[in-house]
Amino acid sequence: MKKMVALMLALACTVCSAQGYIPITAEAKALIDQGHLFQTQGKYKEAFDKFSDAAKADPSSSLPLSSLASLLMGMSELMKGGDVAKVREQAEAAAQQALQKHPNDPIALEVLRGLTDGKPLPLHQPNAEAAAALHEGELLFNQRKLDEARVQYERAAALDPRYSTAWIYAGDCFYFQKNYAEAENRFRKGVEVEPLNSQGWRFLADALVAQEKIGPAEGALMSGIAAQPSQLPNWVKLNQLRTGSGFPLAPLNLVRKAKGELDTNTKTLNLSIDPSLKSLDPHTQPDAVLWLALATQQAIEDKAGREGKASATPFATEAAAWRTALAASGEASAKGGGELQDPALKTMQMLARADQLEAALLLLQYKESWRTEFETWKTEHPDGIRRFIDTYQVRP
């Protein structure tokens, strides 16, 4: 919970700083600051009330809702029993509402990533002394005692030299003070210590953009994507830079319209189908054929996994399911069913035909359980991420 709180507080401070891009009234921002302070103190009810009051004070801003979503997700990690699912649903609903107000709210995007990807980024876990120092820094930072907070963050880094987050939060103090050169220096220390710190690369890019170092900023965002492709704010910021140079990235917007799962009570396989598919012939229309084939394979592998009989790794299973589904839709098309209609499916079909299915899944649909295959792919394709983006100009 503390690790998640620190992440969300850093994101919140970034989007509200001089480089930030989420508008919010002063009254609502003050309430959010109070909520964050309560959150770092473990006073979750008080934090919930402050975020709720902030949403009322500024109904047009996404930040109160995304802050509420992050709080709910963190609370769910401390709970047990049936309430966990309910609170996670509430977190998802709040995040989705935030994105309706601001489609690129980084806190909401990170909440949704955390809810859908059950495996955390494998960052270094600090020793107790360093963690305590960073927590002291959080409390001071949230009170805008930035110099004092930075002292604690850098003390945390000294107590545990592998603790990249401490350097990144120290940089955030400088960034908030608009001292971008010193912020860049601290962010660089963080990502040098731990290159998988995707947030650190993103913060480094912000500091570089603030100094009009656009090329290096793009490189930092590429490194952030290489650290964890599912952190969408990196893609959002990269698209902003690419759009400014006349080469925007098209969002894939892949939304699964059929899902398969094992009913743990009845031991039967269930398929849940989007209403938009129910009017399509599941045997002849390529979109329906693809989604149902993908969902069926998902359900079969889910059952095998629960029984301890999984035939392959999660990524190999996903890639095989896509190959099977794409082949089935291709057969439906060949028999007169027409072409795929969903733009996202057409893009995936195009990438598969270009022998880019694995790259597309790893970059555009990444799950942390695919880490081993992703690291192997990066080793085999050292310039693969940039080449993929430059060639296909697509993002999640």
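Before moving on, here are some points about what is shown:
- With only Cα atoms counted, region 209-285 has Rg and Dmax values of 20.3, 60 Å.
- Evaluated over the Cα positions of the chain, the convex hull gives a direction-averaged projected area, one quarter of its surface, of 20.4 nm².
- Quotient of Cα Rg and 2.2 N^0.38 Å for region 175-216, N being how many residues it contains: 1.05
- Between the residues THR391, TRP322, GLY337, the greatest Cα displacement towards the positive end of the dipole of the chain, with unit charges on the Cβ of Lys, Arg, Asp and Glu, is found for GLY337.
- Summing Lys and Arg as +1 and Asp and Glu as -1 over all other residues whose Cβ lies under 13 Å from the Cβ of GLN285 gives a net charge of -2.
- Considering only PHE203, PHE187, PHE176, the Gaussian network model of the chain with Cα springs below 10 Å gives its largest mean-square fluctuation to PHE176.
- Candidates LEU238, LEU123, LEU65: whichever shows maximal mean-square fluctuation once the chain is modelled as a Gaussian network with Cα springs under 10 Å: LEU123
- Of all aspartates and glutamates in the structure, those lying under 17 Å Cα to Cα from LYS80, and not within fewer than 8 positions of it along the same chain, are GLU89.
- Residue pairs exceeding 23 angstrom between C-alpha atoms, taken from LYS43/LYS119; LYS101/LYS189; LYS45/LYS367; LYS56/LYS119; LYS189/LYS237: LYS43/LYS119; LYS101/LYS189; LYS45/LYS367; LYS56/LYS119.
- Kirkwood Rh (inverse of mean 1/r, distinct Cα pairs), region 156-196, angstrom: 9.8
- Comparing THR268, THR296, THR25 in a Gaussian network model of the chain, where Cα atoms under 10 Å apart are tied by springs, the biggest mean-square fluctuation is seen for THR268.
- Scanning residues 5 or more positions from SER62 or on other chains, none has an amide H under 5 Å from its amide H, with H placed 1.01 Å from N in the peptide plane.
Each value in this text was obtained by applying a stated rule to the coordinates, not by laboratory testing. All of these numbers come straight from a predicted model, not from anything done at the bench. Every residue, glycine as well, gets a Cβ built from its backbone with ideal geometry; the counts of neighbours run over all protein chains shown.
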